[in-house]
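Shown next, in structure tokens, is the structure this report addresses.
The values are calculated or read from the model by the stated rules, or taken from the named source; none is laboratory data. Just so it is clear, the structure is predicted and the values come from calculations on it, not from any experiment. Glycine gets a Cβ as well: all are built from the backbone with ideal geometry, and neighbour counts include every protein chain shown. For the accessible areas, the whole protein counts, side chains as well, though only heavy atoms, and no ligand, DNA or RNA atoms are used. Shrake-Rupley method; radii C 1.70, N 1.55, O 1.52, S 1.80 Å.
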Amino acid sequence: MSNIPPTVPLPGSDISSILHGGYHHPTSRLWQAERMRSKDCLNKLVPFLKPLYKNGLASVIPLAPEAKHPYGTSANDPVGPIMQAIPLLKKHFPNLFIACDVCLCEYTYHGHCGILHKDGTINNPPSVKRIAEVACNSPSKVLTVQGPFRNAAGSAPAFGDRKHYQLPPAGRGLARRAITRDLAEGADCILVKPATAYLDIIRDAKVIAPDVPISAYQVSAEFAMIHAAAKAGVFDLKRVGKESLDSILRAGANMILTYFTPDFLDWLSE
Ligand SMILES: NCc1[nH]cc(CCC(=O)O)c1CC(=O)O
């Protein structure tokens, strides 16, 4: 079926001036959207993961951009995509470890990671309370980079940037202090994000926190850069893909969160 709605011109009217009129009902409004992510993601989730699970996939972190709201309501909406995806994953893949990203930026209309003051800075107490609420509904927490993911998720900040709540890239000491603080607050894992440009911080985390797992998130921009360079003939995708993950492991990570996982499952079984 064509997805171009039929347009019936009124007698004597100029056809080019007529918009399809079927957007008065919530469902027909939804049909006007470029992406209908939730149901579509859910229907594709199990068939997408099945071959990967067979190929050794051990853990996933579902991320689903959803409706935007000042408090990120859909983050823990029982009929939101994540809340529906988790039981579906547990049912079909009982041994899969499911990690959760409890940040609010995918769910807030402004694309920032918490609840904001009028001046656009993060209002910490209600943000922490809201993130705790979301965390209680789904099992972990990350208050976290501009990049391809944010475009895909429609969660690029609508204004301002994250500088007031993300660490400055050149501040190694500050990163070390943050690791110490997070451990003192009970963190049971340290995740460094992005990974490749922060290998020294991964190593610092390994030294400062030898008793907790150290993980690293190779973000969408890192993945896209490697793909773009390989496509431009700069280097071989597989060779540099492997080297990128080797470097993260060498720095001290025990776990890597990466979009290369499906490729790796194949590369490792070659
Ligand atoms: N909700 C935070 C979060 N969790 C995962 C990503 C995706 C990161 C990426 O792959 O670019 C993001 C957004 C961000 O860091 O900007």
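Near Leu257, the amide H atoms lying under 5 Å from its own belong to Ala216, Tyr217, Gln218; only residues 5 or more places off or on other chains count, and H is placed 1.01 Å from N.
Shown for the stretch 221-270: the carbon plus sulfur share of the solvent-accessible area, taken with all protein chains present and a 1.4 angstrom probe, equals 60%. Computed over protein heavy atoms with a 1.4 Å probe, the carbon and sulfur contribution to the accessible area of the stretch 46-87 reaches 67%.
Here is the link list: Lys129/Lys163; Lys90/Lys242; Lys54/Lys90; Lys129/Lys193. Which ones come out longer than 26 Å on Cα distance? Violating the 26 Å limit, Cα to Cα: Lys90/Lys242. Close amide H contacts of Ile115 (hydrogens built in the peptide plane, cut-off under 5 Å, sequence separation of 5 or more or a different chain): Asn123, Ser127. With N counted as the residues of the stretch 55-206, its alpha-carbon radius of gyration over 2.2 N^0.38 Å works out to 1.08. Accessible area per residue for the stretch 167-270, computed on protein heavy atoms with a 1.4 Å probe, is 56 Å².
How many percent of all Cα-Cα pairs in the stretch 167-270 sit more than 20 Å apart? Across the stretch 167-270, Cα pairs with separations above 20 Å total 41 percent. Peptide packing for 125-131, 159-165, 109-115 was compared via the average number of neighbouring C-beta atoms within 10 Å per residue; ordered from the highest value, the list is 109-115, 125-131, 159-165.
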